[in-house]
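See structure below.
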Amino acid sequence: HTFAFKAVATAAAIGKGLVVAGTKSGIIRAYFLSSDEPISSSIAVKSAIVNISVHPTGEHVVACTSDGHVIVCIAEDGQLQEVASFSAPSKESYTSAALHPDGLIYVAGTSTGKLHVWDFKNKALAATLQEGDAEDAVSAIAISNNGYHIGVGHASATLKFWDLRKQKVVATLPAQLGSIQTVAFDKAGKYAAFGGKGGIRVTTIKEWGTT
């Protein structure tokens, strides 16, 4: 399918019978693929969408905005409806985010280098993680498929790997590129790729000095 989109998409994701996209103007749009002709539904929020994800069940959509909000929507019967909105007391701007594979945790990065770990089961900010320069904005986030590690790129092009269970940094890779715009793990969680200005690099867990 090709979807007509009047605005520039800043984030997109695909799930079970569902394609979702977000825009700089704050539009979240869902395309339902259950019929021959896709059905679309959208909502408007107050700020630019910096990440959007589909829950593993395909029934919910989660997004974060540049003004520091996490938006949760239900997607069913061809309709997208906002059901919850969260924000930290600090009201910091979000710059990137990723949904945990189990769909219960959402990690959002801030312009001041923090990670906000949202617990959807308890509808609360479970933890705020930070190590290093408070002004080193988060530029990219990925969570390993096994859910153990978070890969975080920063504005300084530094790449950090967090152990989510221990809530600490287990490895830091100094800048190897001019910037880091994206991070990804392989399905087994043994490799991580990161890319930006200057190309793409691949690292392994063994290189981090962890097991």
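FYI, it's all coordinate maths here, none of it is from the lab. Since the structure is predicted, the reported quantities are computational estimates derived from the model, not experimental observations. Using ideal geometry, Cβ is built from the backbone for each residue, glycine included, and neighbour counts are taken over all protein chains shown.
Here are the numbers for the structure shown:
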{"quantity": "Computed FRET value (nearest 0.05) for Lys91 with Gln181, which takes r as the C-beta separation and R₀ as 30 Å", "calculated": "0.75"}
{"quantity": "Length released on extending from Leu104 to Thr128, taking residue separation times 0.36 nm less the Cα-Cα span", "calculated": "7.0 nm"}
{"quantity": "Net dipole in debye of the chain [+1 Lys, Arg Cβ; -1 Asp, Glu Cβ; about Cα centre; nearest 20]", "calculated": "400 debye"}
{"quantity": "Modelled FRET efficiency - R0 41 Å, Asn145 with Ala44, Cβ distances, 0.05 increments", "calculated": "0.80"}
{"quantity": "Convex hull volume per residue for the chain, taking Cα atoms only, in Å³", "calculated": "123 Å³"}
{"quantity": "Expected 222 nm ellipticity per residue - DSSP helices of 4 or more, -39500 (n - 2.57), all of the chain, to 500", "calculated": "-500 deg cm²/dmol"}
{"quantity": "Whole-Hz couplings from phi, Karplus 6.51/-1.76/1.60, listed for segment 159-175; x for Gly and Pro", "calculated": "10, 10, 10, 9, 8, 5, 5, 8, 6, 9, 6, 9, 7, 10, 9, x, 3"}
{"quantity": "Cα lying deepest toward the dipole's positive end in segment 1-87, options Gly17, Ile28, Ile74, charges on Cβ", "calculated": "Ile28"}
{"quantity": "Ascending count of other beta-carbon atoms within 10 Å, so fewest first, for Tyr31, Tyr191, Tyr94", "calculated": "Tyr191, Tyr31, Tyr94"}
{"quantity": "Residue with peak Gaussian network fluctuation, the chain [Cα springs, cutoff 10 Å], from Ser144, Ser90, Ser66", "calculated": "Ser90"}
{"quantity": "Inter-probe distance in nm under a simple model that places probes 7 Å from Cα toward Cβ, at Val202 and Lys16", "calculated": "3.2 nm"}
{"quantity": "P(r) of segment 1-87 over all Cα-Cα pairs, binned every 5 Å from zero, in whole percent", "calculated": "3, 16, 30, 26, 17, 6, 1, 0"}
